[in-house]
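Colleague: Can you read through this structure? Questions will come right after.
The values are calculated or read from the model by the stated rules, or taken from the named source; none is laboratory data. This structure is a prediction, so every number in the text was calculated from the model and none was measured. FYI the Cβ positions are ideal-geometry reconstructions off the backbone, even for glycines, and counts take in every protein chain you see. Remember, those area values only see protein heavy atoms, side chains included, never the ligands or the DNA or RNA. Shrake-Rupley method; radii C 1.70, N 1.55, O 1.52, S 1.80 Å.
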Amino acid sequence: MRLLDHETYSSFTFHVQISDMGNPRLSSETTARVDITVTDVNDCAPVFSSPIYNVTLLLPSYKNVAVIQVNATDPDSAESGELRYDIIEGNKQKIFDIDLRTGLITLLEPDNLKSFYRLQVRVSDGQFSSVAKVYIRVDESDNSGLVFQKAFYEGSIVENTTKITHVCVVNVLGSALNEHIEFRILNPTDLFTIGLTSGVIKTTGRKFDREVQDKYELIIEARSNMPPRDRPRVAHVIVNVTVLDINDNCPMFVNLPYYAVVSVDDERGSIITKVHAIDLDSAENGEVRYELIRGHGELFKVQRESGDIEIKQNLEGHNKEYELLIAAYDKGITPCRTDVTVHVKVIDRSMPVFKKQFYSETVPENVELHSPLSISIEAESPLSRKLIYSIVKGNELEELRLILIQPQTVTVVPKPLFHPPGVISVVDELDYEQQSQYELLIRATDSVSGVYAEVPVSIVLQDVNDCPPEFTQESYNVFISEAAQFGTAVLTVKAYDNDTGTNQKIIYSIQKDNNNATEYFYIDENEGTVYLKQSLDHEEASSHHFIIVATDQGVPSLSTTTHVWLSGEHINDAKRDQFVTIVKASDLDEVDQSNLRYTIVAGNEQQTFSMDSHTGIITLTNLANFGTQPLMLLNVSVSDGVYTSFARLKVELLAANLHSPHFQDIIRDVQVPENRPPGLPVATVNATDEDMGEFGTITYSIHSDMLNEVFSIDKHTGKITTKARLDREKKRMYEIPVMATDGGGLSDFLVVRVRVLDENDNSPKFLLREYKVSIFSNLTTGTSFAKIKAIDADEVGEVFQFFVRATDKGRPEKHSDVPVNILIMGPSDYPPIFERKDGKFFLSENSPTGTIITRLKIISNISVNFQIISDARDNPQFAIDSQGQISLARPLNFEAQSSHLIGVWQKQTPAPPLSSSS
């Protein structure tokens with residue numbers, strides 16, 4: 001016996017023949033062929049083709065000239081890793097470079113070379129490495145009289161073609177008759193080849209892209225090793241190759257998007273904006289012209305060459321916004337076209353003008369609350385009026401707020417009205433996973449005329465690692481046979497992460513614990529598959545528990561865990577054809593002694609046993625046919641052909657632990673109220689076991705020291721009760737791992753997930769001790785100007801009650817307070833809904849008291865109470881009855897008040913007190 005070595009023998013083939021142990025020994029007539037492939041592992045270092053390389057570099061030389069190529073091979077298979085080359089010593093001045101994949105050493109700095117260089121080159125397969133020495137001798141080439149016919153050569157090729165084409169032919173002068181001269185490219189490339197003796201330079205059929213590289217410089221060497229000269233005759237020449245352009249690029253517009261603002265006072269011929277496109281092609285293929293394709297050619301035009309957009313007539317009285325479609329063409333034989341849209345806004349004399357036509361900003365999603373973004377949004381009033389900024393679109397959830405930056409100093413020198421810029425502040429948490437981008441529309445409104453201008457603002461969120469991985473299952477129950485061999489896949493766990501990029505990549509690991517789970521199991525960190533590291537022994541441990549950790553690759557990283565309970569399935573010792581007993585009978589007639597025949601005549605209806613008719617041996621056919629019976633009675637007979645005798649055989653089944661306990665569910669959800677005294681019943685769990693006797697007796701336990709302090713379980717009945725008062729505000733959910741164990745030590749697991757129901761045992765709290773708000777005096781009705789928040793540790797049914805005060809700036813100041821009551825509904829609560837939210841009614845001034853105005857209807861099929869909340873308490877103008885009918889409570893007076901707003905509140909009865917208003 002010796003170790004396998006893939007590099008010595010990668011496979012084995014042999015044939016196997018089977019023989020019995022009888023006398024004489026009998027063997028099978030056929031053989032089985034066995035093929036064994038030895039899987040390679042990376043256990044060998046790569047080897048250079050030579051430990052020392054010597055090369056002479058002749059001067060003059062040029063940049064990127066190939067000096068020498070080193071080669072190495074790895075005895076391991078290609079899957080063990082790609083070889084990488086690097087220079088580790090002798091190249092401090094970076095005179096040479098090496099291709100890390102091919103091992104080609106090239107010259108980087110051809111000037112001021114020393115006469116000798118000693119390099120050490122390393123090759124590595126990622127685990128093992130080897131080093132070779134490279135000696136480079138630098139020498140001047142002799143004036144051998146061998147020269148090229150031209151001082152330099154030029155050639156050209158067309159881009160994007162795969163056809164092999166001739167570039168040029170190089171020739172030398174000064175060669176003797178029949179002198180053998182060889183040509184080579186000193187700075188080799190996979191784009192060109194040269195004939196060894198012809199000097200013909202060709203392309204290799206690979207595509208050229210002029211926009212990537214439009215010129216190539218090839219260094220050609222002609223060399224003759226004709227004896228009796230000690231040194232070769234050499235000559236060098238440069239070949240310049242130009243890549244010719246074809247029209248393979250369309251114009252591209254830059255400085256997008258295009259927005260233009262034009263005043264109604266602008267004169268004809270005024271330039272309002274300019275579009276600009278570039279084309280990566282050359283000459284005419286890269287020249288661009290512009291054309292107005294669609295959009296009010298009677299009002300606008302675009303200059304063909306410059307891209308300037310002009311107005312053709314005065315825009316007084318025309319629409320305020322236009323969209324122009326501009327096309328950019330190149331001047332190739334077959335022109336290529338690209339379109340762009342230009343947005344034009346016409347403003348009057350009082351319309352504010354933003355300094356930019358588009359704003360954009362990128363911010364991390366965890367930006368600090370109430371911190372301003374870096375963009376400054378500023379507009380000017382042509383008439384020096386005060387401007388009012390507002391966000392009119394894209395901020396439906398009010399996570400953002402627009403605030404003004406006030407000037408730091410005030411001067412008395414007369415100057416135009418200062419227009420403070422606005423900045424956007426984050427006032428609520430942003431979540432990239434919910435919304436990755438905000439497209440806002442900011443409006444600046446003239447405070448006198450009400451004329452406004454709008455500008456788009458794009459805010460892009462950057463993802464931060466704020467979402468931990470989540471497993472698809474909270475726990476895993478797995479059964480595996482103790483006969484499973486090492487390397488067997490046990491299970492595969494899966495987790496996902498709502499973040500993006502690196503923050504989303506998950507690495508799996510097994511958490512180290514006192515149970516030494518890592519000695520028995522291994523997990524693939526990328527796939528999440530758990531494998532056996534060694535065979536399991538049911539007698540040592542009937543079950544295993546370990547924790548799998550999923551960790552993302554963000555900074556800082558976040559992780560989550562899941563529990564795995566693994567039960568070993570004991571090998572069934574009662575096998576088919578197992579010997580049970582032997583029945584023996586005798587016959588006084590010696591001649592019949594060898595002719596006795598045995599039969600099972602009753603008690604074997606399920607074919608649980610079989611009986612050899614000659615020997616009387618009874619064997620087991622199917623153990624499962626015993627069912628739950630621990631005892632079976634068989635009636636057996638023996639006959640000599642004439643007479644028959646009967647006997648009863650009692651077969652008792654000894655208990656064996658063949659089955660594990662089994663819970664019907666993996667997870668069970670229950671709910672219990674908080675604040676109840678200890679002893680509160682939580683749930684009763686039940687597991688079954690198909691074994692009998694002590695091996696079918698189940699005991700229950702809580703597999704957690706921490707949760708044993710909060711809950712207890714009756715080990716016989718499985719009834720779970722509390723040991724302490726539960727507080728939902730401290731912990732909302734408990735996950736109790738319950739283990740069911742039979743008399744033989746086999747077990748199963750169930751997670752009882754206990755959700756603690758809320759009771760209203762906490763008062764609401766305002767986030768701030770005091771709220772102070774300044775608002776403009778000309779805000780329209782319905783404009784929100786402040787957000788007042790209160791929190792309650794309770795879950796549902798809480799009422800937030802507070803007062804909002806409005807204070808004027810007069811002398812003395814006056815204020816009014818209004819109470820605000822907010823009821824937090826549960827997921828199953830629905831408030832009453834009015835059929836109509838508002839309505840208008842006209843009533844004559846001389847209408848008598850009691851005149852019916854309208855009747856309110858609700859959609860919900862529930863009982864409600866109505867109340868008018870907009871009227872005076874002591875002398876109301878209107879009344880409403882229990883049916884929602886509104887009537888006149890006292891005479892109207894047009895001169896005192898020409899219109900009335902009636903606010904009606906409806907409250908559901910009985911509880912919960914849900915309400916709505918109209």
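Colleague: Greater than 20 Å separation of Cα atoms is the criterion. Which listed pairs, Lys393/Lys765; Lys94/Lys215; Lys274/Lys312; Lys312/Lys345, meet it?
Modeller: Lys393/Lys765; Lys94/Lys215
Colleague: Let me ask you something else. Of Lys301/Lys331; Lys331/Lys355; Lys355/Lys386; Lys63/Lys163; Lys731/Lys907, which sit over 26 Å apart, Cα to Cα?
Modeller: Cα-Cα > 26 Å for Lys331/Lys355; Lys63/Lys163; Lys731/Lys907; rest within.
Colleague: Measure out, as a whole number of angstrom, how far apart the alpha-carbon centroids of the stretch 432-489 and the stretch 246-271 sit.
Modeller: If you average the Cα positions of each part, the centres end up 37 Å apart.
Colleague: Now, a different point. Send over the per residue convex hull volume for the stretch 38-85, Cα only, as a whole number of Å³.
Modeller: 80 Å³
Colleague: With +1 on each Lys and Arg Cβ and -1 on each Asp and Glu Cβ, how big is the dipole of the stretch 1-113 about its Cα centre, in debye rounded to the nearest 20?
Modeller: 180 debye
Colleague: Oh, and also: Using modelled amide H (1.01 Å from N, peptide plane; none on Pro or chain starts), what sits under 5 Å from the amide H of Ile902, excluding residues fewer than 5 places away?
Modeller: Correct list: empty.
Colleague: Label points 7 Å out from Cα along the Cβ direction at Thr502 and Val601: separation in nm?
Modeller: It works out to 8.6 nm between the two label points.
Colleague: Show me, for the stretch 117-125, the HN-Hα J-couplings you get by feeding each phi into the Karplus relation (A = 6.51, B = -1.76, C = 1.60, θ = phi - 60°), rounded to Hz, glycine and proline as x.
Modeller: Coupling constants for the stretch 117-125: 9, 10, 10, 10, 10, 10, 10, 9, 9 Hz.
Colleague: Follow-up. Please give the charge dipole size of the chain, origin at the Cα centre, charges +1 on K and R Cβ atoms and -1 on D and E Cβ atoms. Round to the nearest 20 debye.
Modeller: Charge dipole, the chain, about its Cα centre: 3240 debye, nearest 20.
Colleague: If you don't mind, another one. Evaluate 2.2 N^0.38 Å with N set to the residue count of the stretch 420-509, then give the Cα radius of gyration divided by it.
Modeller: The value comes to 2.06.
Colleague: If you roll a 1.4 Å probe over the heavy atoms of the protein chains, what accessible area per residue do you get for the chain, in Å²?
Modeller: Here the residues of the chain average 60 Å² of exposed surface.
Colleague: For a label point 7 Å from the Cα of Asp589 along Cα→C-beta, name the residues of the stretch 644-684 whose backbone N is under 15 Å from it.
Modeller: Zone members listed by number: 644-645.
Colleague: Ok, one more. Roughly speaking, what is the stretch gain from Met21 to Thr781, that is 0.36 nm per residue apart minus the C-alpha to C-alpha distance, in nm to one decimal?
Modeller: 263.2 nm
Colleague: Calculate log10 I(q)/I(0) of the stretch 167-212 for q = 0.15, 0.23 Å⁻¹, where I(q) comes from the Debye formula with a single equal point scatterer on each Cα and nothing for solvent.
Modeller: Rounded to two decimals, the profile gives -0.48, -0.87.
Colleague: Could you list which residues have their amide H under 5 Å from that of Phe711, counting only those 5 or more apart in sequence or on another chain, with H placed in the peptide plane?
Modeller: Lys723
Colleague: If you look at just the Cα atoms of the stretch 461-529, how large are its Rg and its Dmax in Å?
Modeller: 15.0, 54
Colleague: Under the rule of at least 5 residues apart or a separate chain, name every residue whose amide H is placed under 5 Å from the amide H of Val427.
Modeller: His370, Leu400, Arg401
Colleague: Now a separate question. Under 4.7 Å Cβ to Cβ, no partner at all: give me those cysteines from the chain, in residue order.
Modeller: Cys with no partner Cβ under 4.7 Å: Cys44, Cys168, Cys467.
Colleague: Something else: For the stretch 507-549, what's the radius of gyration and Dmax over Cα atoms, in angstrom?
Modeller: In Å, with Rg to one decimal and Dmax whole: 10.6, 33.
Colleague: Further, regarding this structure: Could you tell me which of Ser425, Ser50, Thr741 has its Cα farthest along the dipole of the chain towards the positive end, charges placed at Cβ (Lys, Arg +1; Asp, Glu -1), taken about the Cα centre?
Modeller: Result: Ser425.
Colleague: Could I ask something else about it? Show me, for the stretch 610-616, the HN-Hα J-couplings you get by feeding each phi into the Karplus relation (A = 6.51, B = -1.76, C = 1.60, θ = phi - 60°), rounded to Hz, glycine and proline as x.
Modeller: Values, residue by residue: 10, 10, 6, 5, 8, 9, x Hz.
Colleague: Semi-axes of the equivalent ellipsoid of the stretch 274-358: what are they in whole Å, largest first, if each equals the square root of 5 times a C-alpha gyration tensor eigenvalue?
Modeller: 30, 14, 10
Colleague: I'm checking a number: the convex hull volume of the Cα atoms of the stretch 191-317, normalised per residue, in Å³. What is it?
Modeller: Per-residue hull volume (Cα only) is 143 Å³.
Colleague: Let me ask another. What's the local net charge at Ser447, with K and R +1, D and E -1, over the other residues with C-beta under 10 Å away?
Modeller: +1
Colleague: Here is a follow-up. Are there trypsin sites (Lys or Arg not before Pro) in the stretch 582-672 that DSSP marks as loop and that have at most 13 other Cβ atoms within 10 Å, and which are they?
Modeller: Counting only loop positions with at most 13 other Cβ atoms within 10 Å, the trypsin sites (Lys or Arg not before Pro) in the stretch 582-672 are Lys584.
Colleague: Place +1 on the Cβ of every Lys and Arg and -1 on the Cβ of every Asp and Glu in the stretch 171-319, take the dipole about the Cα centre, and give the residue among Ile311, Met226, Ile293 whose Cα lies farthest towards its positive end.
Modeller: Value computed over the given set: Met226.
Colleague: Considering the options Thr619, His15, Thr203, tell which one lies farthest towards the positive end of the dipole of the chain, charges being +1 on Lys and Arg and -1 on Asp and Glu at the Cβ, about the Cα centre.
Modeller: Projecting each Cα onto the dipole axis, the largest value belongs to Thr203.
Colleague: Quick one: net charge of Glu267's neighbours, Cβ under 13 Å, K/R +1, D/E -1?
Modeller: -2
Colleague: Let me ask another. Can you work out the Karplus-derived ³J(HN,Hα) for every residue in the stretch 240-253? Use 6.51 cos²θ - 1.76 cosθ + 1.60 with θ = phi - 60°, whole Hz, and x for glycine or proline.
Modeller: For the stretch 240-253, the Karplus curve yields 9, 10, 9, 8, 7, 8, 10, 7, 10, 10, 8, x, 10, 6 Hz.
Colleague: Report the accessible area of Trp905, computed with a 1.4 Å probe over the heavy atoms of all protein chains in place, in Å² rounded to the nearest 10.
Modeller: Surface accessible to solvent at Trp905 totals approximately 80 Å².
Colleague: Moving to a separate point now. Taking all protein chains together and a probe of 1.4 Å, list Glu398, Glu7 from the most accessible to the least accessible.
Modeller: Glu398, Glu7
Colleague: Where Rh is the Kirkwood radius over the Cα pairs of the stretch 1-80, the temperature 20 °C and the viscosity 1.002 mPa s, what D in µm²/s does Stokes-Einstein return?
Modeller: For these conditions, the coefficient is 116 µm²/s.
Colleague: Any chance you could get the radius of gyration and Dmax over the Cα atoms of the chain, in Å?
Modeller: Values for the chain (Cα only, Rg and Dmax): 46.3, 146 Å.
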